[in-house]
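Below is one structure, written out as structure tokens; comments come after it.
The values are calculated or read from the model by the stated rules, or taken from the named source; none is laboratory data. Quantities reported herein were computed from a predicted structural model and do not represent experimental measurements. As a convention, Cβ positions derive from the backbone with ideal geometry for all residues, glycine included, and neighbour counts pool all protein chains shown.
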Amino acid sequence: MTATKFKYRLDRRSRRITWGTFAAIAALFVGFHFIWGGAYLPAWFLLLLLCIITLFVLSFPRYLTIDDDTLQIHCIVELTRIHVEEIETVRRIDRSHFRRMIPLLGSYGFGGYFGYWFHLSDWTICKLYTTERKQLVLIEDIYEDIYIVSCPDPDLLVTLCTVARDRKREEIYRHALAAGKLSPESILPESTAPGNTRAKAAGTTSPGTEAAGTREAPPSQKEPFQEEPSGGKGTPPADGAGLPAKEPTQNTNDKR
């Protein structure tokens, strides 16, 4: 699919904080020039403040894109790339989730809400790329890294991420299967494995049971011992049948 783009929009609080910060910096410049007269300490303080503000400005979120391979979060000079097959969870969160978070190293309203934030309820550290406190989407990858982004259409973003992730994982599985690196039994559920299908067709009740017809009958159901032809093993013949004939004995009383 083609890349879908979502632009960031500042909410009312972010706009007020952003323009108020720029106005405060301009007032400091005026005060430094006309009041302090270029003193040494105020000059260093103003230079340090300008460096910090510049770092914040360079991290302002601009837009995010989603395609078949990656979810990209574009800032002014920063780019965060998340591979779709590595996305473990993607879901929409409400404003109450944002209220339980505090910034550790980031901005609270100046150009948006971004940086590293700490969630008080879950005791987790999240990385924010938002410009508003509503319409938020939480993304967690397989490495347990948590990202929170804002989007004009969060439901569409969740759907696109889910579809792209499933399609990419299926493609990776097919390539690995064709290359012989995986076997179907190692991935498919136990109930759909080929061996279990053959066992069910033979009439067994469990995967570990042997096919019907090859099982040995219990001793009580075995057939009785049968006679075999002469020369073989079996019960001895009745009445001496089959034994070599004996020579007739002579009666000594008849000789007279």
Q. Can you find a residue in the stretch 38-60 that is touching a His at 6+ places or on another chain (Cβ under 8 Å) and crowded, with 18+ Cβ neighbours inside 10 Å?
A. no
Q | Residue among TYR129, TYR108, TYR113 that alone is surrounded by fewer than 17 Cβ atoms within 10 Å (Cβ to Cβ) and either modelled with pLDDT under 90 or farther than 24 Å from GLU171 by Cβ (or both) | A | TYR108
Q. Given (1) closer than 26 Å to ALA164 by Cα; (2) small (Gly, Ala, Ser); (3) at pLDDT 90 or above, where does ALA3 come up short, assuming only one miss?
A. (3)
Q.
Suppose we keep only residues that are within 22 Å of the chain's Cα centre (by Cα) and among the charged types (D, E, K, R) within the stretch 132-167. Which one would you say is surrounded by the fewest Cβ atoms within 10 Å (Cβ to Cβ)?
A. GLU144
Q.
Quick check on my filter: what residues within the stretch 87-105 are under 25 Å from THR70 (Cα atoms), aliphatic (A, V, I, L, M) and surrounded by fewer than 17 Cβ atoms within 10 Å (Cβ to Cβ)?
A. ILE93
**Q.** Residue identified as loosely packed, with under 12 Cβ neighbours inside 10 Å, over 16 Å from LEU136 (Cα atoms) and touching a helix residue (DSSP H, G or I) at 6+ places or on another chain (Cβ under 9 Å) among VAL77, VAL84
**A.** VAL77
**Q.** Test result for VAL30, out of contact with any strand residue (DSSP E or B) (no Cβ under 6 Å at 6 or more places or on another chain) and either under 19 Å from VAL137 (Cβ atoms) or exposed (fewer than 11 other Cβ atoms within 10 Å of the Cβ) (or both)
**A.** yes
Q. GLU88 versus (1) closer than 14 Å to TYR8 by Cβ; (2) touching a residue at least 24 places away in the same chain (Cβ under 8 Å); (3) out of contact with any His (no Cβ under 6 Å at 6 or more places or on another chain): which is the lone unmet condition?
A. (1)
Q. What strands (runs of 3 or more DSSP E) lie completely within the stretch 105-177 and have 3 or more residues being in contact with a Phe, Trp or Tyr (Cβ under 9 Å, 6 or more places away or on another chain) and within 16 Å of ARG9 (Cα to Cα)?
A. 112-119, 124-130, 146-150
Q. Of the conditions (1) without any contact (Cβ under 8 Å) to a residue 24 or more places away in the chain; (2) within 40 Å of the chain's Cα centre (by Cα); (3) in a helix (DSSP H, G or I), ILE53 fails just one. Which one is it?
A. (1)
Q. With respect to THR65, is the statement that it is of a type in the set (Val, Ile, Thr) and assigned to a helix (DSSP H, G or I) true?
A. no
Q | Matching residues in the stretch 1-21 - criterion: being surrounded by fewer than 13 Cβ atoms within 10 Å (Cβ to Cβ) and among the aromatic types (Phe, Trp, Tyr) | A | TRP19
